């Protein structure tokens, strides 16, 4: 299992457009990918679950990756978050 922590820098937080783009990235992988904030966890492959966390600017999220392609998934999500959020 791998873990990646990131503090959101986008002034609007994780809103619909970047959430949809994030889901496109994670759906390329077979691993289980979760996003968590303040003790709440969501499946990164589900739009409403990700949006339901209500992640705002300045808040930290934690991604966990578990599966056969977890290294590649972690790298891709890390790159996406740094470039977009």
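Looking across region 53-79 at every residue that is assigned to a helix (DSSP H, G or I) and crowded, with 17+ Cβ neighbours inside 10 Å, the one that is farthest from the chain's Cα centre (by Cα) is identified as 70.
With respect to residue 50, determine if the residue is touching a strand residue (DSSP E or B) at 6+ places or on another chain (Cβ under 8 Å), surrounded by 13 or more Cβ atoms within 10 Å (Cβ to Cβ) and modelled with pLDDT of 95 or more. Taking the combined requirement at face value, the residue does not satisfy it. Do we have residue 4 as surrounded by 13 or more Cβ atoms within 10 Å (Cβ to Cβ), on the phi < 0 side of the Ramachandran plot, touching a helix residue (DSSP H, G or I) at 6+ places or on another chain (Cβ under 7 Å) and at pLDDT 95 or above here? Answer is no for this residue.
The values are calculated or read from the model by the stated rules, or taken from the named source; none is laboratory data. Every value quoted in this text rests on a predicted model; they were computed, and no experiment measured them. Methodologically, a virtual Cβ is constructed for each residue, glycine included, from the backbone with ideal geometry; neighbour enumeration extends over all protein chains shown.
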